[in-house]
Amino acid sequence: MKSIAATLLCLLIASCSFLDSKSTDVTFHIPELPKEMQQLEVSGYRVVMTTVDKRREFTANRNSFTASVPVSDITAVLAYPVGPWGELKPAGFIVHGNLKAHNYLAWDNGFAAECTSLSLASGYGSENFNFSMFQQKLIEKSEGNPWILERDKVVYALSYGIFNMNYIKKAESHTLTLPRPGTDCTWYSGTPGCIKKYFQRDGFIQNLDITEGENVFINPETGEGITIYADRLTWICISGTTGGLSGYW
């Protein structure tokens, strides 16, 4: 009788251990680049996975990868396309009780996942927060392009557990006509989820939309990239063709 009871106790412990397993291996799929960018030579994806107590970074060479993920914790998953032209804005996925064997990152959710990643890195992650609504409202309030929002305000509110719609504000923006040698061509913003097109004419790229922070523009035909860093007063442009350029607003 004691032997049977001991056996049942062992089975119960083993069962609970299985149910309380802290992590599991799942597959994440990175979306294809939009048709305007498919000429780009992507050398890999810089993957960043963040929880409240751990940050992992590695390179995925294909458009899917398998990783061990906490089952019950919040995890922000980001995949940044990388190539000789630089790094594009990421696709994203936020694990919040929605984990499956196959999970699909989306360009639309890259901004929300990046904000969540930075918040988690600061040590805050609320399981009661409605991440689905969060992602939806960021897209709605930005009219489809969350990368124009003031990221620091969103991260601050998430990090202190005080986020509400009042923290969704558009970042200060500027328009820049950039001198650029070469023939007339077309450039695109480095935001796969909400691409904007810009034309180079007579040695200038016309009317680039610049927000505070990092702005990336790419030419899929030539494989060239331009990165412009901006704040409220100045901008700095870095590229292989023009070298370094800078100016004031």
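Bear in mind these aren't lab numbers, they're just calculated from the coordinates by the rules spelled out. All values derive from a computational prediction rather than experimental measurement. Using ideal geometry, Cβ is built from the backbone for each residue, glycine included, and neighbour counts are taken over all protein chains shown.
Structure data summary
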item: L120 in contact (Cβ under 8 Å) with a residue 24 or more places away in the chain, under 30 Å from Q206 (Cα atoms), buried (at least 19 other Cβ atoms within 10 Å of the Cβ) and under 20 Å from the mean Cα position of the chain (by Cα); result: no
item: Matching option when the condition is without any contact (Cβ under 8 Å) to a residue 60 or more places away in the chain, closer than 23 Å to R55 by Cβ and not acidic (D, E), among C185, C115; result: C115
item: Residue match in region 150-166 (condition: under 30 Å from S119 (Cβ atoms), in a strand (DSSP E or B), of a type outside the set (D, E) and touching a residue at least 12 places away in the same chain (Cβ under 8 Å)); result: no
